[in-house]
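All remarks here apply to the structure that follows.
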Amino acid sequence: MTGQHDLGGSPAGPMDYNDRDAPPHGKLFTAINSALRQHDLVTIDELRRHLEGLTKEEYNLPYYDRWGEAMCNLLEEKGVLARGEIEARMEIIKERLQNKND
């Protein structure tokens, strides 16, 4: 059985080759991933395992949202941070950004 990440041979339509910058949270995920790897907290193979292990619903999320889900799952599995801690911090950041924009 193949996972939802294995699309080889599946009709997917034309590729969009337009160059787009990553959204701010995408750049942040890339930086966090690099820092975690530099400090030997995670490996690229572990992150890939979690990306490929996402549910079909999670895998249908936008690209960087999938990275976020995989990182949360990996950090929780390794005992680095609990999902609740990550979500609580995200709420604080959202509030600060909202207040900044008001």
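Observations on the model:
- Scanning region 1-41 for residues that are over 29 Å from residue 79 (Cβ atoms) and at pLDDT below 70 yields a count of 11.
- The set of residues in region 71-92 that are surrounded by 12 or more Cβ atoms within 10 Å (Cβ to Cβ) and either not acidic (Asp, Glu) or not in a helix (DSSP H, G or I) (or both) comprises 71, 72, 73, 74, 75, 78, 80, 81, 82, 83, 86, 90.
- Scanning region 24-46 for residues that are in a helix (DSSP H, G or I) and within 17 Å of residue 69 (Cβ to Cβ) yields a total of 10.
- Qualifying residue in region 47-61 (condition: in a helix (DSSP H, G or I), modelled with pLDDT of 90 or more, touching an Asp or Glu at 6+ places or on another chain (Cβ under 7 Å) and not small (Gly, Ala, Ser)): yes
The values are calculated or read from the model by the stated rules, or taken from the named source; none is laboratory data. Predicted model only: the values in this text are computed from it and were never measured. Cβ atoms come from the backbone with ideal geometry, glycine included; neighbour counts cover every protein chain shown.
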